[in-house]
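Here's the structure, in structure tokens; my notes come after.
The values are calculated or read from the model by the stated rules, or taken from the named source; none is laboratory data. Fair warning: this is a prediction, and the values are worked out from it, not measured in the lab. Cβ coordinates were reconstructed from backbone atoms using ideal geometry, including for glycine residues, and neighbour counts include every protein chain displayed. In case anyone asks, the SASA skips ligands and DNA or RNA and just uses the protein heavy atoms, side chains included. Shrake-Rupley method; radii C 1.70, N 1.55, O 1.52, S 1.80 Å.
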Amino acid sequence: MRIDIVTVIPELLQNFTTESIVGRGQKKGLVEIHVHNLRDYTTNKWRRVDDYPFGGFAGMVMQCEPIDRCISQLMSERHYDEVIFTTPDGERFDQPMANELSLKENIIILCGHYKGIDYRVREQLVTKEVSIGDFVLTGGELAAAVMTDAIVRIIPGVIGDEQSALSDSFQDNLLAAPVYTRPKEYIDVRGRSWGEVPEILLSGHDAKIREWELEQSLARTKRLRPDLL
Ligand code: 6GU
């Protein structure tokens, strides 16, 4: 899979694409992330990519031309399944959308700036408008990073233990069961016990453990996110 991210602040995304799960996916050759600086595509002498809005509104608006030039260039090189625009008024990003997008061959994510992009770009180039939640971010870069992380980590082979991406919270509309590691009983810095690991997990009885896990998932979902049931 290939993800092209178009932004006016490439610095915000540079480390993200080489580190963590996304970096691992790239090193394994399972995904390619390319970050494009919109300013490289302007014909403006001062590399400006925005201008004052018609109608006397406040703020600046990103212009059509650099976005058109950048995305047209990409589209001349390969077919894109989706041109995604990040915006708080887009469709809500969730696990099913991440799953769907992880199956695509090539996608473009255009990082928006709230109120700040010529509407004709959205009409002419964008195929999907996506929001990561009901709050306003200054720019779409962090939203693009969130979406890329969620998409890349479920590409088969990116996470070592394949099972772990499938047993995530939300992957089956249930919150994940609690997990524990050594020691069996933890005594804190003040000498108090934080309790013992549930006995069942030490039993080695796999079927019983799966049953416990499902029970725990259901109970936590009912308590914390009854809307998912
Ligand atoms: Cl995708 N972009 C911006 N600018 N703000 C957001 C968002 C996206 N999702 C939630 N808030």
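Of the beta bridges DSSP finds with both residues in the chain, what % are antiparallel, to the nearest 5?
That works out to approximately 15 percent antiparallel.
Ordered by residue, what ³J(HN,Hα) values in Hz, to whole numbers, does the range 217-227 give under the Karplus form 6.51 cos²θ - 1.76 cosθ + 1.60, where θ = phi - 60° and Gly and Pro are x?
4, 4, 5, 5, 5, 4, 6, 9, 9, x, 5
Take the chain, mark every one of the trypsin sites (Lys or Arg not before Pro) that falls in a DSSP loop and has at most 10 other Cβ within 10 Å, then report the longest stretch left between them, sites excluded.
No qualifying site falls inside 79-189, the longest such stretch.
When only Cα pairs under 8 Å and 6 or more residues apart are kept, what is the percent relative contact order across the range 1-135?
RCO, the range 1-135: 30 percent.
Quick check: pseudo-label points 7 Å beyond the Cα along Cα→Cβ at residue 26 and residue 219, how many nm apart are they?
That separation, rounded to one decimal, is 4.3 nm.
Quick one: Cα convex hull volume of the chain, Å³ per residue?
186 Å³
Can you pull the three principal axis extents for the Cα set of the range 1-131, in Å, largest first?
So the extents along the principal axes, rounded to whole Å, are 48, 32, 27.
Pop a pseudo-label 7 angstrom from the Cα along the beta-carbon direction at both residue 193 and residue 128 and give the gap in nm to one decimal.
Spacing of the two 7 Å Cα→Cβ label points: 5.1 nm.
Near the amide H of residue 35, under 5 Å away, which other amide H atoms are found, from residues 5 or more places off or on another chain, if H is placed in the peptide plane?
5
Classify the range 172-228 as rounded, prolate or oblate, taking a ≥ b ≥ c as the square roots of the eigenvalues of its Cα gyration tensor: rounded when a/c is under 1.5, otherwise prolate if a/b is larger than b/c and oblate if not.
It is oblate, given that a/c is not under 1.5 and a/b is not larger than b/c.
At a 1.4 Å probe, what is the % contribution of carbon and sulfur to the accessible area of the chain?
On the chain, the fraction of accessible area on carbon and sulfur atoms equals 52 percent.
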